[in-house]
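Below is one structure, written out as structure tokens; comments come after it.
The values are calculated or read from the model by the stated rules, or taken from the named source; none is laboratory data. It should be emphasised that the depicted structure is a prediction, and the values quoted were computed from it without experimental measurement. Reconstructed Cβ throughout: ideal geometry from the backbone, glycine too, with neighbour counts over all protein chains shown. Just so you know, the surface numbers come from the protein's heavy atoms only, side chains and all, with ligands and any DNA or RNA stripped out. Shrake-Rupley method; radii C 1.70, N 1.55, O 1.52, S 1.80 Å.
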Amino acid sequence: MRGRLEPWAGDPSVGAGARQMLQAWSAVLERSETVLARWRAAAPAARSATSVSGACDAVAADGEVQREGLQLAAAVLKSRWAVPFEAWAAIRRAWSGVRDQGGEAGAARAAAMRAVEAAWGGARVSDVTALPEPALVAGARFSSPAQWADAEFQHRWQQYVLDCCDKLEEALQGAPGKGGDGQQLMLVTGWPLTRQQDAELAYLAQYEQYGPTVPFGSRRAGYSIEPDHAVVLAVPGFAARHAADHTRDDQQRIALGPDLPAGTAGPDERDVLALLRGAYPYLPADAADDGAGARPTAMVTTARAVRRDQRNQRVGYSGHDDSLEVYNDLVVGKYSWVPDDDHPGPAAAVLEKQPIHWLKDWVLCLDVERGSRPETFLHRLYGTVTSYQPDTGRVMFVPTGGHPAIAVPVHRIVALTGDRRRRSEGQVPAHEPYDG
């Protein structure tokens, strides 16, 4: 924001407005820092968060608490299509919310009871056969089977909450003690950790990030789609172990890197970039290290030659450079734009004629050389093209998911084309291996 406004601050016509905007932006940042400081002060300590979360994972590991909760939920479902209330998830959230803030066991148990009571307090049984056996409430004092079933259910769910809390407390007492404070690199995907399912990992936000934030596709936010990201953090060893164990059923969430030697100022940049490439294969730093006047490698020129031959052999391609025909064939995958080996050239002229403002409406495949030279590989990225700069030889490419555009130099590009089978963002991945 400052970079965009400061050049205009001295302009005689709009300078006053630019300076006013800069002052307003500074005030926004100050208010944000004040609010964030309050949140940081209220956040649980990492030791507490990892111990509580680890206890929850240990109790949930055999699946018994989930099965008991779903069995109870089946007794009060109003229809076979209704979504059952996940009592275990509610108990876990409520109990964790108290314990990781330093609350006592009694307060955590009361919070869990309130969380389930909000859904099941006064609930009527619709399927008596779903209630567990044997019965725990004697039926002699009730005037009807329905009254007995409702009383049995109320007793059952309250006992279920108490049993879950007892198991959680027992697991918390057996949580590992201190130790393992050495720093370790870790890749975290699904960043920022703002979703409900990320609550027990949110403490990771306090640790220092190294390297850039990279694209990691997209995620659903209500009825819309928002970008998903990945970052590399340096965290204590106990936090790295907890995060890996907590996400063991979702192996893409966390990737552990090397330990940081004691007394070092920071991690090796090569280790950081290696982890980031596990989330998104092409990084701006790859081409930045190529140097001025960089040319395509032999691997790229060979792959380009193959793509040119494939393109010219395709049925239906006329070989003309009419911009509208090329555009129509490009977005549906009938035509592949292959850069000149000596830029600029005829291919650069073809792309320069394209209605780039239309290309941004289509998901395209960008086949690129990734990694630091000389150890590079070919990979396919999916996204949209927003601009082409023939003088600098750069394509501005927006990775799928609506991420900020990245500049990809043509000496790194093998080809640009559409996908003949998958043409929308919901159908394509963020990237996939290059198949030639």
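Overview of results
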quantity	calculated
All positions within segment 20-59 that are open to solvent by 60 Å² or more (accessible area, probe 1.4 Å), of a type in the set (D, E, K, R) and touching a residue at least 12 places away in the same chain (Cβ under 8 Å)	Arg40, Arg47
Single residue of segment 249-279 satisfying the filter (within 22 Å of Ser53 (Cβ to Cβ) and loosely packed, with under 12 Cβ neighbours inside 10 Å) that is modelled with the lowest pLDDT	Gln251
Qualifying position, being open to solvent by 40 Å² or more (accessible area, probe 1.4 Å), of a type in the set (Phe, Trp, Tyr) and modelled with pLDDT of 90 or more, among Tyr223, Tyr210, Tyr282	Tyr210
Search result, residues across segment 285-306 that are crowded, with 19+ Cβ neighbours inside 10 Å and not in a loop (DSSP other than H, G, I, E, B)	Asp286, Ala287, Val300, Ala303, Arg304
Test: Glu170 is surrounded by fewer than 13 Cβ atoms within 10 Å (Cβ to Cβ), of a type in the set (Asp, Glu) and farther than 22 Å from Leu70 by Cα	yes
Top-ranked residue of segment 380-408 - restricted to ones that are assigned to a strand (DSSP E or B) and open to solvent by less than 20 Å² (accessible area, probe 1.4 Å), ranked as nearest to Arg277 (Cα to Cα)	Leu381
Number of the condition not met by Asp62 [criteria: (1) closer than 23 Å to Arg241 by Cα; (2) touching a residue at least 24 places away in the same chain (Cβ under 8 Å); (3) loosely packed, with under 12 Cβ neighbours inside 10 Å]	(2)
Qualifying helices (runs of 4 or more DSSP H) (wholly inside segment 15-85; at least 2 residues being under 26 Å from the mean Cα position of the chain (by Cα))	15-42, 46-60
Residues of segment 236-248 that turn out to be in a loop (DSSP other than H, G, I, E, B) and open to solvent by 70 Å² or more (accessible area, probe 1.4 Å), as a count	1
Residues satisfying the stated conditions in segment 410-427, i.e. open to solvent by less than 20 Å² (accessible area, probe 1.4 Å) and either of a type outside the set (A, V, I, L, M, F, W, C) or in a loop (DSSP other than H, G, I, E, B) (or both)	Arg412, Thr417, Gly418, Asp419
Verdict on Gly106 being of a type outside the set (Ser, Thr, Tyr), without any contact (Cβ under 8 Å) to a residue 24 or more places away in the chain and over 18 Å from Val161 (Cα atoms)	no
Residue list for segment 338-349, restricted to those being touching a helix residue (DSSP H, G or I) at 6+ places or on another chain (Cβ under 6 Å) and either part of a helix (DSSP H, G or I) or at pLDDT 85 or above (or both)	Val338, Pro339, Asp340, Asp341
In segment 367-397, the residues that are in contact with a Lys or Arg (Cβ under 6 Å, 6 or more places away or on another chain) and within 14 Å of Ala294 (Cα to Cα)	Glu369
Any hit, segment 358-365, residues being closer than 17 Å to Tyr282 by Cα and surrounded by 18 or more Cβ atoms within 10 Å (Cβ to Cβ)	yes
